[in-house]
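Everything on this sheet refers to the single structure shown next.
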Amino acid sequence: MTRIIGSSAVIAALAIASYGMIAAVVGVKRREAALVRSARAAAYTCFGLMTVANLAMIYGLVTHDFSIDYVAQVGSRATPVFFTVISLWSALEGSILFWGWVLALYAALAMWITKSSLGSLGAYANAVLLFVSAFFYILLVGPANPFGLVSPVPLDGPGPNPLLQNHILMAVHPPLLYLGYVGMTVPFAFGLGALLSGRLDDTWLRVTRTWTVAAWSFLTLAIVAGMWWSYEVLGWGGYWAWDPVENASFLPWLTATAFMHSAMVQERRGLLRVWNMSLIIATFLLTILGTFLTRSGVISSVHAFGEGPIGTYFLAFMAVTLVFSMVMLLGRSTELRSEGHLDSMASRETVFLGNNLLFTAFTFTVLLGTLFPILAEAARGVKVSVGAPFFNMMTIPLCVALIFLVGVGPMLPWRVANMEELRRKLRIPGGAAVLTLAVALTLGMRDFWGLLAFTAGAFALLGNVQEFVLGTMARRRAGGGSIPRALWGLMNSNPRRYGGYTAHIGLVLMAIGITASSAFRMEREATVRLGEMVELGGYTVRFEELWAEDQPHRFVVGSRFAVLINGRERGEMNPRLNYYRARGSEPITTPSVRTRAHNDLYLTLLAFESDGSSATVTVIVEPLVVWIWIGSLIIAMGAFFSIWPRRRRPSPVRRTRNELQEAGVA
Amino acid sequence: MTGRMARVLAVIAAVLAPAFGPAAAHAEAGIQARGRVVEETLIDRQTREISSQLRCVVCQGLSLQDSPSQLAQEMRAIVREKLEEGMTPAEVKAYFLDRYGEWVLLAPEPKGFNLLVYVMPVLMLVGGAGFVFFKARSWTKPQDVPETADV
Amino acid sequence: MNWKRSAVGVGISVPILALLAFGMTKNPNVIPSPLPGRPAPEFALPVMDEPDTVRLADLRGNVVVLNFWASWCLECRHEHSDLSMAARLFEPQGVRFYGVLYNDTPTNGRTWIREMGGQYYPSLVDEGSRTAVSYGLYGVPETFIIDQNGTVVHKQIGPITLSRLSALIQPLLDEPPAPAVPVGGDEAAGTGVTDDAMEAVAGDAAEVTS
């Protein structure tokens, strides 16, 4: 029954999305408002149907209805309810089903908020959203059907992948990633809607600003949650391996970040209109490319979901969207051409141009590196690897330059910079940069890019903090009350600006965390007997005990290490090795992490003598790791602050809608 | 202004010092031998350097150094053995290259076709910079006249 | 709409899509080995449950089939009977089959062989995976075919079948490759082949001269 409800809902959604897509286009062409309205209703209906389909699947999972293909694949009576519910996205079919729901949610919301205010632009955007939705519904009906019938019905299932059920972050990372990935469809749809309708002014950009920032924030959090998960779970003390699928989530983040900045240049100065359209198209296509890479088996990766015909579907979909958007973009490029101009090379606009240049180079480097193994195989027939050493070497200079710009941007006003003011604003961040460099050199740091990164980081951090300090002081002088009150008033006076600066501060903290934890990472691998010690970075760890425990689904070998600082015991750590019965002899490690504000102590048990007399461990000390996680939360806070709906000031969206209602379309 | 600046800088220094501290201490760690502490040797360091440039062959994209898998541990042990036998780090890398092919190197050797992956991003950045610069100049220049006329 | 520019858009899209389509035809998990055509890395490994040691150098003149396996490897089960059958067929013609236990304990290996109903040929124990790494192994099962001169002829990644084995072995028996000319140490050094392989050649030369 559950199975039939679910699969009927998906089939109905496919039919209705296809109808809505055609109705929207025909409605605009024939100027029939009723058709366009019905297309909007189709978007709402799809959302309803996908909600039903997802609830049916969750119900099937929770009730262990093993007649449903997907439940038989990932369910198990032994799995706790919580992990059973989140196994909705633990394998291919379920993740596509969930994707379909998120997309339907976004499409329905976008149509509900804009209603008929955007006329033909909105109708075309709806058609694009429904087209993308229809593609995912086709997957759900065809190659990724989660509601297939299993016969005979098994009594129990294998349960989700053990690696994915051992950490709470697996409940957070995938939904955030989908919210981010799928969210990029909305600005893309409105951008393409603008191209299709010929309404090439800035409307699409202003309407979708909130969506872009929200999707971007989710994507940021998703990437960092993934980093955190791999840090806490995989046992190598790192959080980023430049794995192809990590890159795939990072690529749209890069182009979306560039887009958020360059969109401001268009809003303010009317420049970069072709460029912004290209960026949003690229962002969307990169999300699809990322999904293609994860699900087609083109590139082997930690996250690969397995191979199957679904890769061909994604390739076909990419072909259609890529060719269609390229044709529309280039075909309209003459009409899109910029109207605006720049007042001065020393202005925020120019900083944003630099930002976009660096982000584009960054995207290109990561994309090239990720696809280069395929390229090399096509050209030379030889398999090569492009991994961390390559990406670190190529992208660290770009990162440093970007961080520097994060500091410069807020100092320069729009239009023309006042040199006197610039000099004044440069003083503190510049001083901090010089001092940081001096401190780092005195402390014996000789790593060139590490030094530059810290210097740029100090500069950018102070450059952005300074804006808050100066603004708050000015507000207090003008009678703004206490410091927190003045600060809050300042931030609310221009949420976009101060939300952005907050995000900058978070980003710089992340960058400092990443630089410190990689440049000053200390690592030792040692085999110790009971009572022996390993010293590293001010910590001493003493091997105390080895124990083993037989559990129903796995065999656990654990160790106990005492942590000593300056000869005093300060706690203990218990890295473990888990031997899952289903996975043969290769153990899954559970590292032990001791997190402090200034550094993390990280222990991984690698091997042991079976009589418990000795153990091989990796001891890692990484400075400032925790600031990466904290920084990402600050970024998200800043970004959400900037788009939080406010009653007092009319939002750009509403203003646009009013303007357009006056213009009166549909 | 200068007083405040000094205070701000002091705070920065205080925040950063603990992060740098252990690194400095680490440099001396090799000299102090306290009790039964297992010390790091040159071979340890070379093993680590080589291992982080080689791919763990049973993992996906992780280096030999980073992988906790059993084969990676054994391969690290082989790296160490070869170094102890007197092979240079370059010879050890060549040994693995010889057995596993180019695939085992985490960064492709910068020669021949592989040069593309190193050179193209740089060309793209330089070309892009030139393009942006001329574009920006053209945006600042010609419309100066009507703008000032408007004002 | 400017259709001429649109055509440029199509022109840009096609190579990207072609590259991805090409990628789909390739299996990222199959990495070609540089070993075929080169001297097989030398080894001396103890036979499981027997006091003997097998040295590759002692097997010159025989075709050698080296199959890396483990008890935890699922695909090894699929090829097991084909390998035993091939061993039974080709052993009389001087082909030597050896299993090499990879990343596993002899106890597990013994149990596995019993479960599978025996193994026709001996298995060797590779403590610390030294031999596996010298053969550039990255998973099991992998099978190497080595000709009468000690040159690797083929590396099979994944399970092998009887027909594949016959197709690879029979030509070597029908037309044995010309015996390798003993090479002097100097010349060998010039070939750029390193350590193990070089030792193999040197060992060979020593035998011939003695």
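Values for this structure:
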| read-out | value |
| --- | --- |
| Viscosity 0.890 mPa s, temperature 25 °C, Stokes-Einstein D of the range A:1-125 from Kirkwood C-alpha radius, µm²/s | 158 |
| Gyration tensor (alpha-carbon) shape descriptor, the range A:279-401, a/c threshold 1.5 | oblate |
| Interchain or long-range residues, amide H under 5 Å from A:Ser614's placed H | A:Glu609 |
| Pair B:Glu91, A:Phe82: separation of 7 Å Cα→Cβ label points (nm) | 5.5 |
| For chain A, size of Cβ-based charge dipole, Lys and Arg +1, Asp and Glu -1, in debye | 2880 |
| Enclosed volume per residue, in Å³, of the convex hull spanned by Cα atoms of the range A:4-60 | 47 |
| A:Glu535, A:Glu377 arranged by Cβ crowding within 10 Å, fewest neighbours leading | A:Glu377, A:Glu535 |
| For the range C:29-50 versus the range A:146-204, the gap between their alpha-carbon centres in whole angstrom | 45 |
| Rounded Å value of the spacing that divides the Cα centres of the range A:24-99 and the range A:101-134 | 18 |
| Debye intensity ratio in log₁₀ form over the Cα atoms of the range A:399-438, taken at each q of 0.33 Å⁻¹ | -1.11 |
| Shielding by partners - mean other protein chain Cβ count within 10 Å, residues of A:514-523 | 3 |
| Shielding by partners - mean other protein chain Cβ count within 10 Å, residues of C:4-17 | 6 |
| Filtered chymotrypsin sites (Phe, Trp or Tyr not before Pro), the range A:455-510: DSSP coil and at most 12 other beta carbons within 10 Å | none |
| The range A:402-507, dipole about Cα centre (Lys/Arg Cβ +1, Asp/Glu Cβ -1), debye to the nearest 20 | 400 |
| Listed peptides B:90-96, A:220-226 by packing density, highest first (mean Cβ within 10 Å) | A:220-226, B:90-96 |
| Exposure proxy order (Cβ contacts within 10 Å, fewest to most) of A:Arg477, A:Arg332 | A:Arg477, A:Arg332 |
| Which of A:His261, C:His78, A:His173 has the fewest Cβ neighbours within 10 Å, and the rest in rising order | C:His78, A:His261, A:His173 |
| Which of C:Leu17, C:Pro51, C:Leu83, positive extreme of dipole for the range C:1-85 (C-beta unit charges) | C:Leu17 |
| Listed residue (A:Thr370, A:Val323, A:Ser338) projecting farthest to the positive dipole end of the range A:229-379, Cβ model | A:Ser338 |
| Distribution of pairwise C-alpha distances over the range C:1-149, 10 Å bins, in % | 10, 33, 27, 9, 8, 7, 5, 1, 0 |
| Proximal aspartates and glutamates relative to B:Lys141, as straight alpha-carbon distance under 13 Å, when same-chain residues fewer than 8 apart are discounted | A:Asp343 |
| Radius ratio Rg over Rh of the range C:4-53, counting only Cα atoms, Kirkwood formula for Rh | 1.51 |
| Peptide ranges A:611-618, A:512-519, A:440-447 listed from the most packed, as the mean C-beta count within 10 angstrom indicates | A:512-519, A:611-618, A:440-447 |
| Farthest toward positive dipole pole in the protein assembly as shown [+1 Lys/Arg, -1 Asp/Glu at C-beta], among A:Tyr239, A:Asn161, A:Ser18 | A:Ser18 |
| For the range A:545-604 and the range A:374-437, distance of Cα centres in Å | 38 |
| Three-way shape label, chain A, alpha-carbon gyration tensor, a/c 1.5 | oblate |
| Gyration tensor (alpha-carbon) shape descriptor, the range A:525-581, a/c threshold 1.5 | prolate |
| Per-pair calculated FRET efficiency, R0 = 41 Å: A:Thr312 and A:Thr527 via Cβ, rounded to 0.05 | 0.25 |
| Peptide-level mean, for A:229-242, of C-beta atoms on other protein chains within 10 Å | 2 |
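Taken together, the values in this text are just the output of simple stated rules run on the coordinates, not laboratory data. For clarity, every value in this text was computed on a predicted model and none was experimentally measured. Glycine gets a Cβ as well: all are built from the backbone with ideal geometry, and neighbour counts include every protein chain shown.
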